[in-house]
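S.K.: Here you go, one structure.
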Amino acid sequence: MSRFPLKRLYTELPVWVVEDHHDVVRHIYRAIASRHLPLQNIKMVHLDSHPDLLIPEKLFSELSIENWIMPMVYAGHVSCVAWLHPYWAQQITEGEHRMAVGRDSSTTTIRVTSTDDYFLSDGLYVSEKQLENPKALRLNVVKVNPVKQSQSSLTEGSSRSSSNEDDEEGSTSYVLKIISSFLSETEPYILDIDLDFFSCKNPFKELYTEELYSFKGPRPHAAEEELDECVDQRVRQLEDLEAAFADLLEDDGEDTVTRWARNPGMASLTRLVSSLKSRNPCPDYEMVHQAGLTCDSGELPHHISSDEEIDRLISAVQLFLKALPKPTLVTMSRSSLDEYCPVEQVDSVQSRVLAVLENLYGPLDLHRDYENSSTETQDCPFHSSTGNVSALYETDITPAGWTFSIWGVIYTWLTLLVIYTTSYVFRGSWAQTLLPYTFYFCWMANLVLNMIWLLLWDRELMLAALVVLILMVITSCTALFCCCFATDYYGLWLQEYHRKDLFCLRVLVQNGLALYTTWTSIASLINFSMVLHLWGVAKSTAATASLCILFAEVVAW
């Protein structure tokens with residue numbers, strides 16, 4: 001019997017395509033919540049021209065393209081990453097790296113025990129004895145060479161080509177040997193692809209910050225004291241540079257530049273600012289600092305591939321993916337808005353990679369998440385529409401998309417209800433006492449709950465959203481009961497003296513609330529079905545449970 005539990009597979013392989021790489025994290029967490037991925041020890045095959053293994057200063061609030069993986073390692077979710085890189089990307093030494101990721105007891109920041117220059121240059125190294133709550137990470141750095149030109153046409157009919165017969169570095173057999181050493185047939189894993197793996201641009205290449213931000217690493221096999229001193233010096237250097245550019249944002253006059261240039265190692269600041277101003281009278285110093293942070297022991301990778309080279313890299317990827325188990329989840333980043341993947345190539349590369357995935361794994365459950373994102377909505381409290389969130393959690397009782405247009409009718413109806421009941425304020429004491437205070441309290445509470453539900457739903461907090469929806473149903477039912485009581489109690493009097501008000505009470509208030517309550521009840525049952533499925537209940541069973549509750553409600557009504 002296998003020591004690994006059987007993989008829980010989606011009917012169709014989900015492929016999430018995002019623009020910025022860190023946006024894949026929420027889709028990974030969704031797969032964890034639905035138990036398609038385990039809570040711990042997730043394996044990831046990561047194709048990228050950049051390792052993305054740095055650590056944000058504020059661990060979870062500032063995820064960005066270069067630092068989205070390590071927070072998941074520290075949380076205990078990811079324990080093994082294979083960084084597959086093209087030959088032009090050499091930021092981390094080739095081979096296997098074992099390290100611990102934890103909280104530095106002296107600074108409470110997250111740090112690693114790896115002594116590779118990639119981590120040292122960002123000031124991330126500490127010794128393991130300084131770490132609290134350490135998490136083990138196995139990192140395999142694996143080069144992937146494009147197949148030879150004469151072999152690229154053979155990938156459809158053969159899982160190996162003669163160029164990959166041996167175990168030379170970068171060959172298909174080399175890649176497979178390493179990945180197979182930690183990935184079993186029965187284990188779930190994430191296949192993560194950044195399209196800049198196939199063609200990569202350095203958007204900071206023309207910002208000449210190398211001298212200012214240069215990093216000199218320690219000697220090979222340096223003692224711990226030397227490593228600590230190296231990291232301390234690098235941290236001080238980066239802090240000084242950050243302070244300098246913050247000053248330049250406020251005032252980049254000659255006095256400010258000269259004052260900072262007097263500091264050790266900053267003599268080149270004068271030439272840099274002069275060069276920047278010759279091209280742009282108002283330089284973006286924040287961008288310049290970000291560019292400088294990429295300059296340590298080597299530049300960011302820059303290799304704009306030809307179409308032929310892209311095809312040969314895609315063929316190489318197809319060869320080793322064909323021999324690997326089917327992934328549980330595929331995440332894909334375009335990286336075109338920040339220009340890491342050339343804008344003029346990204347759509348073509350994406351379509352070719354998707355074609356390979358479909359050829360290997362059959363029909364895909366494809367989500368182009370970048371089409372729903374916009375830089376204009378980053379400060380908006382809502383990240384997506386309710387319909388888009390619903391589409392991510394489809395159940396067996398989710399109605400067709402067009403049926404959600406009924407909410408336009410419902411909210412128009414409720415708007416008329418609010419206008420009508422508000423008019424009571426101006427119509428004397430008889431109108432103000434027509435509906436009991438309980439009605440107004442429940443109705444106001446319902447509106448507040450509705451706003452809370454929208455925020456919870458938008459953030460995909462499904463259990464909390466379900467609780468709020470149930471409270472919405474209770475408050476709307478109570479308000480409806482109060483209205484029915486009023487029309488029954490005052491019905492004859494209203495029929496005699498205020499026929500129009502009786503009509504408005506029945507049509508606008510009573511029927512409006514009835515329609516709203518009905519659809520809110522249905523929404524709560526759909527939400528209930530989603531929560532059951534996220535807890536591991538089969539979709540059909542969850543749908544049956546919800547329909548049974550609906551039948552009981554109809555009978556009771």
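Every number in this text was worked out from the coordinates using simple rules, so none of it is lab data. All figures in this text were calculated on a predicted structure; none of them were measured in a lab. As a convention, Cβ positions derive from the backbone with ideal geometry for all residues, glycine included, and neighbour counts pool all protein chains shown.
S.K.: If amide H atoms are built 1.01 Å from N in the plane of the peptide, which residues on other chains or at least 5 residues away come under 5 Å of the amide H of CYS200?
M.R.: Placed amide hydrogens put HIS303, ILE304, SER305 under 5 Å from CYS200.
S.K.: Using Cα-Cα distances under 8 Å and only pairs 6 or more residues apart, what relative contact order does the chain have, in percent?
M.R.: On the way: 805 pairs, mean separation 97.4, N = 557.
The value is 17 percent.
S.K.: Work out the charge dipole of the chain with +1 on the Cβ of Lys and Arg and -1 on the Cβ of Asp and Glu about the Cα centre, then indicate which of LEU191, SER335, TYR118 is farthest towards its positive end.
M.R.: LEU191
S.K.: Going by amide H atoms built from the backbone, whose H comes under 5 Å of the H on TYR189, apart from near neighbours?
M.R.: THR328, LEU329
S.K.: Using packing as a proxy for protection, rank 445-451, 467-473 so that the peptide with the highest average count of other Cβ atoms within 10 Å comes first.
M.R.: On the way: 445-451: 16.6, 467-473: 20.1.
Sorting 445-451, 467-473 by mean packing, highest first, produces 467-473, 445-451.
S.K.: Taking a spot 7 Å from the Cα of CYS282 along the direction of its beta carbon, which residues of region 313-344 have an amide N less than 16 Å from it?
M.R.: none
S.K.: Is there a pair in LYS129/LYS177; LYS148/LYS216; LYS322/LYS539; LYS129/LYS216; LYS326/LYS539 whose C-alpha atoms are over 27 Å apart, and which pairs would that be? Before the final figure, lay out the partial values.
M.R.: On the way: LYS129/LYS177 33 Å; LYS148/LYS216 37 Å; LYS322/LYS539 30 Å; LYS129/LYS216 25 Å; LYS326/LYS539 22 Å.
Beyond 27 Å between Cα atoms: LYS129/LYS177; LYS148/LYS216; LYS322/LYS539.
S.K.: Could you give the length gained by full extension between ARG26 and ALA261, i.e. 0.36 nm per residue of separation minus their alpha carbon distance, to one decimal place?
M.R.: Numbers: separation 235, 0.36 × 235 = 84.60 nm, distance 4.33 nm.
Result for the pair: 80.3 nm of gain on full extension.
S.K.: Quick one: which of 408-416, 30-38 comes out on top by average Cβ neighbours within 10 Å, and what's the full order, highest first? Show your work: numbers first, answer last.
M.R.: Values: 408-416: 13.9, 30-38: 18.0.
Ranked by mean Cβ neighbours within 10 Å, highest first: 30-38, 408-416.
S.K.: Can you work out the Karplus-derived ³J(HN,Hα) for every residue in region 184-189? Use 6.51 cos²θ - 1.76 cosθ + 1.60 with θ = phi - 60°, whole Hz, and x for glycine or proline.
M.R.: 3J(HN,Hα) across region 184-189, in whole Hz: 9, 5, 9, 8, x, 8.
S.K.: If exposed means no more than 15 neighbouring beta carbons inside 10 Å and the site is in a DSSP loop, what's the longest run of the chain without any exposed GluC sites (Glu not before Pro)?
M.R.: Working: sites that count: GLU12, GLU57, GLU62, GLU94, GLU156, GLU165, GLU168, GLU169, GLU185, GLU206, GLU299, GLU339, GLU394.
Between exposed loop sites, the widest span is 395-557.
S.K.: Hey, what do the phi angles of region 121-129 turn into as Karplus ³J(HN,Hα) couplings, whole Hz, using 6.51/-1.76/1.60 and θ = phi - 60°, x for Gly and Pro?
M.R.: Taking θ as phi minus 60°, the curve returns 5, 9, x, 9, 7, 9, 6, 5, 5 Hz for region 121-129.
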